[in-house]
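Worksheet: one structure, shown below.
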Amino acid sequence: ACEFADWEDWAACDCSGNRQRSRAIAKKAKYGGKLCKGDERMIQACVPTSPACQITSPVDCKLGDWREWSDCTKTCRGGQEDRTRQILTQPMNGGRACEGDLAQTRVCMEEACPGEEPVDCKWGSWTDWSHCTATCGGGEKHRTRVVAVAAKFGGKLCGAETSAEAARCATDQCDPTAADCKWSE
C-alpha cells in the first residue's frame, strides 16, 4: 500500500496571502496495492507580513484546480462522490471576491446491484364475479384481484388501477305476477 512521508514545515506567507507545505510519497503502491489518498500539497490562507508585500493594488481571488473525484460511496444502487478545490489567492485591496463552489457532490453508480435487476409490479387475475345481490330491480356484483408480483429494486409500482370492482346487475324490473310476489289485501 502507498504511504506518505511526513508533512514539511509551512513555507513563509507569500504576498498573495497563502502559505503552503507539501509531503512526498514515501512508498508507492505495488502490484495493485492501495493508492495514496489525500493531498501532496496543502495551501492555507495567511496574512502577508513581508515589507515587499505591502502593495496597494487590488489582488483578485484565484481558485485552484478541482481535485479528482473521490471513490463512490457504493458500488451499485446509487452512492455519491465528491471533489474539492482550494483558494490559491485570497482577494486583497478591493480585488474580486472568490466565485464558485469549493466542493461538489454528485450521484454515482446508479446501476442495480448484481441479482437486483428492477422488477415491475404485476396484478393477478380477477376473481369470478360474485352472485348478484338481487334477481331483479337492480343489484350489485363484485370481483377482486391482488398484486401477484410486488415491485422491487426500483421497478414500476402497480398503477392507480383498483383491486376491487363492482357492477350493476339484474336491472330488469321485477314482474308483479311472479310466483314469489305477494299482493297485500
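A few comments on the model shown:
- Debye log10 I(q)/I(0) for the range 58-115, one point scatterer per Cα, at q = 0.24, 0.30 Å⁻¹: -0.87, -1.08
- Here the range 1-54 is treated with +1 on each Lys and Arg Cβ and -1 on each Asp and Glu Cβ, and its dipole about the Cα centre works out to around 360 debye.
- Cross-link partners of LYS122 among lysines (Cα-Cα below 26 Å; sequence separation of 8 or more within a chain): LYS141, LYS152, LYS156
- When each of ASP172, ASP82 is scored by the number of other beta-carbon atoms lying within 10 Å, the sequence from fewest to most is ASP172, ASP82.
- Residue among CYS72, CYS113, LEU102 farthest towards the positive dipole end of the range 58-115, charges placed on Cβ: LEU102
- Cα-based equivalent ellipsoid of the range 1-60: semi-axis lengths in Å, sorted from largest, via gyration tensor: 35, 11, 6
- Expected-Rg normalisation [2.2 N^0.38 Å, Cα atoms] applied to the range 115-164: 1.66
- Rounded to the nearest 20 debye, the dipole size of the chain about its Cα centre is 880 debye, using +1 on the Cβ of Lys and Arg and -1 on the Cβ of Asp and Glu.
- The chain: equivalent-ellipsoid semi-axes (sqrt of 5 x gyration tensor eigenvalues, Cα, Å): 79, 25, 8
- Local electrostatic count at VAL147 - Lys and Arg +1, Asp and Glu -1, tallied over other residues with Cβ under 14 Å: +2
- Taking the inverse of the mean 1/r over every pair of distinct Cα atoms in the range 1-101 gives a Kirkwood hydrodynamic radius of 16.3 Å.
- The range 84-185 - Debye-derived log10 I(q)/I(0), Cα point model, q = 0.15 Å⁻¹: -0.85
- Among CYS121, CYS76, CYS36, the largest mean-square fluctuation in a Gaussian network model of the chain, built with springs joining Cα atoms closer than 10 Å, belongs to CYS36.
- Among the GluC sites (Glu not before Pro) found in the range 1-47, those both in a DSSP coil and sparsely packed, with 13 or fewer other Cβ atoms within 10 Å of their Cβ, are GLU8, GLU40.
- Annotated for the range 1-109: lysine pairs at least 8 residues apart or interchain, Cα distance under 30 Å, count 8.
Computed from the coordinates by the stated procedures, all read-outs in this text should not be read as laboratory data. Computed from a prediction, not measured in an experiment: that's the story for all the values here. Cβ sites come from the backbone with ideal geometry, for glycine too, and all protein chains shown count toward neighbours.
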